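Asker: My structure is below; once you've seen it, I'll send some questions.
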Amino acid sequence: GAVVSQHPSRVICKSGTSVKIECRSLDFQATTMFWYRQFPKQSLMLMATSNEGSKATYEQGVEKDKFLINHASLTLSTLTVTSAHPEDSSFYICSARVQGAYEQYFGPGTRLTVT
Amino acid sequence: GDSVTQMEGPVTLSEEACLTINCTYTATGYPSLFWYVQYPGEGLQLLLKATKADDKGSNKGFEATYRKETTSFHLEKGSVQVSDSAVYFCALSDPGGAQKLVFGQGTRLTINP
């Protein structure tokens, strides 16, 4: 149980285009989802926290207009990278948590490459 | 702000060797501490946790003790297996309502048969 999926697993896009990444909790309802970014050989950096039905809370330094997060249902959150640039190339990881629980369940990640 | 520092990798060991991966933290208040493991092609999985000083977390032969006096949470295993090859992340969770995780940089462990 407690499986989180991400789609796509890899995506290559051209500079200036937008890319949407989906995060789904497959067998539980996630009241809170987190989006992380991971650079090579570096730790996961929290980008934002999203609660179902409300606006996401972004970490300091993360551009909310560039990284659009939508948590429209208890099983789906999406991250849209708008007007992507090569410096947005990274590994994006989501996690999901049930209300009242502390443990986060992680997706396998999405590798974004912007050319 | 809160931070976690992990022993730099990669670490390569032979099967049945002893393992220690060092982790120290800086935090205001009293965080909970975690070790996550990421096997190739999979998402991070919680390996073990400790929520207060002197607690020992254990799972799959791995152990870590919450040491408040040295602000450490070192991961240990007495005899590693090839199947333990993975990336290990130390993390802390702030005690506030958001319970956000702060991760160390990860340590890649390779066990050779």
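Coordinate-derived values only; no laboratory data. Everything quoted here is computed from the prediction, not taken from an experiment. For neighbour counting, all protein chains shown are included, and Cβ atoms are generated from backbone atoms with ideal geometry for every residue, glycine included.
Asker: Towards the positive end of the charge dipole of chain A, with charges on Cβ (+1 Lys, Arg; -1 Asp, Glu), say which of A:Ser9, A:Asn51, A:Val62 has the farthest Cα.
Answerer: About the Cα centre, the residue reaching furthest to the positive side is A:Ser9.
Asker: Where the centre of each part is set by its Cα atoms, how far does segment A:80-100 sit from segment A:17-32, in angstrom?
Answerer: One Cα centre to the other: 10 Å.
Asker: Sticking with the crude label model, points 7 Å out along Cα→Cβ, report the distance from B:Glu69 to A:Ser73 in nm, one decimal please.
Answerer: For the pair B:Glu69/A:Ser73, the computed spacing is 5.4 nm.
Asker: Could you name the lysines whose alpha carbon sits less than 19 Å from that of A:Lys20, not counting residues in the same chain fewer than 8 places away?
Answerer: Output for A:Lys20: A:Lys55, A:Lys64, A:Lys66.
Asker: Do you know the relative contact order of segment B:13-113, to the nearest whole percent, from alpha carbon pairs under 8 angstrom that are 6+ apart?
Answerer: Relative contact order here is 34 percent.
Asker: Cα centroid distance between segment B:67-90 and segment B:1-48, in Å?
Answerer: One Cα centre to the other: 6 Å.
Asker: Turning to a different aspect of this structure: Once both labels are modelled 7 Å past Cα along the beta-carbon direction, what's the A:His85-A:Phe39 spacing in nm?
Answerer: 1.4 nm
Asker: Could you work out Rg/(2.2 N^0.38 Å) for segment A:41-115, with Rg from alpha carbons only?
Answerer: The value comes to 1.13.
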